[in-house]
Every structure is written in structure tokens, then in C-alpha cells.
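One structure is given here, and the rest of the page talks about it.
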Amino acid sequence: MCLAIGLTLARQDKDRSHFKKKDLSFSHHKPLPMDKKFLKFCSNNTLAQAYLTQILSIISAFQANSSYNSILKSQLTNFITYLQDTKNQGLLNTDCEAFIKGLKAAKKADKEAERAQKNLIKTIEKQIKQVGRDITNEKGFDELDS
């Protein structure tokens with residue numbers, strides 16, 4: 001279909017060879033506008049910087065508390081590492097859309113790690129229950145399995 005359109009355009013331009021040759025590439029077009037889902041955050045650099053500053057402050061406060069810090073390490077490692085990386089912080093000023101995409105990728109990686117951890121926990125629990133079944137000829141210990 002693209003070939004047919006290209007041939008049709010070429011045929012239409014044949015009689016206008018004295019005109020400037022058409023550049024059919026799209027390099028002369030303006031870059032696409034920023035994705036709408038990033039527009040609100042990226043359009044106001046002051047708010048974006050305030051967000052980053054406040055999030056880093058909250059993370060720092062949680063890291064100072066050992067109970068919260070252990071959860072941060074096990075659940076939000078990629079998110080925190082991404083935000084604390086000065087190169088990524090610089091992206092907020094130079095390429096806000098890339099900053100957001102990177103932040104979302106970090107969050108996604110944390111979610112995937114959490115799912116993997118939950119699967120490992122299920123495997124451990126299953127094996128522990130199996131010990132009771134093995135030594136009681138598949139009856140198990142109801143009071144221990146719940």
C-alpha cells in the first residue's frame with residue numbers, strides 16, 4: 001500500500017518537475033508534542049523540582065528509621081536509587097519526559113521484584129506445610145498450617 005501511494009505521489013509530481021522536488025521524509029516536521037500524561041508535571045519546572053525535593057526529604061526521613069528503612073530496601077530499591085541518582089535528577093531539568101519514563105521503569109522493576117518475592121514466599125510456605133504432610137501420611141497439622 002505504501003508503494004502504491006508513493007508511486008501515485010511520484011506520478012502526480014511528474015508534470016511539475018520544474019517545481020522544487022518534494023521531500024517525502026518527515027524530518028521537516030516539528031517534533032511531536034509532549035505526551036499529554038507528562039504535560040502537567042513537566043510543564044511546571046518549579047513544581048517538578050518541589051516534588052523531587054520533597055520526595056527525597058521523605059525518603060531520607062524514612063531511611064533514618066530502621067523499621068521503615070528495611071521496608072524501603074526490600075520494596076522500593078529501584079525507585080529510591082533512581083531518585084537519588086544525580087544524573088536522573090538532572091534529567092528533570094533537561095528531559096522531563098525521560099525522567100518520568102525512567103521513574104516509571106524503576107517503579108515497575110520494584111513491582112516485579114515484589115511479585116517474585118511473593119512467589120518465593122509461597123514456595124517456602126508450601127514446602128513448610130509439606131513437611132507436616134510428609135511425616136503424618138498426608139494428614140498434616142491443621143493447627144500449624146493455618
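The values are calculated or read from the model by the stated rules, or taken from the named source; none is laboratory data. Just so you know, these numbers come straight off a predicted model, no measurement behind them. Note: ideal-geometry Cβ built from the backbone for every residue, glycine included; neighbour counts use all protein chains shown.
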Residues in the stretch 86-113 that are of a type in the set (D, E, K, R), surrounded by 15 or more Cβ atoms within 10 Å (Cβ to Cβ) and modelled with pLDDT under 95: how many?
-> 1
Quick check: is even one residue across the stretch 106-127 out of contact with any helix residue (DSSP H, G or I) (no Cβ under 7 Å at 6 or more places or on another chain), without any contact (Cβ under 8 Å) to a residue 12 or more places away in the chain, in a helix (DSSP H, G or I) and under 29 Å from Asn45 (Cα atoms)?
-> yes
Would it be correct to say that Ala50 is modelled with pLDDT of 95 or more, of a type in the set (A, V, I, L, M, F, W, C) and over 18 Å from Lys104 (Cα atoms)?
-> no
Considering only the stretch 45-62, state which residues are more than 10 Å from Cys96 (Cβ to Cβ) and surrounded by 13 or more Cβ atoms within 10 Å (Cβ to Cβ).
-> Gln49, Tyr51, Leu52, Ile55, Leu56, Ile59, Phe62
Quick check: anything in the stretch 74-93 under 26 Å from Asn44 (Cα atoms) and in contact (Cβ under 8 Å) with a residue 40 or more places away in the chain?
-> yes
Any residue in the stretch 130-140 that is in contact (Cβ under 8 Å) with a residue 12 or more places away in the chain, more than 17 Å from Thr53 (Cα to Cα) and not β-branched (Val, Ile, Thr)?
-> yes
Restricting the stretch 61-85 to residues that are part of a helix (DSSP H, G or I) and small (Gly, Ala, Ser), which is modelled with the lowest pLDDT?
-> Ser74
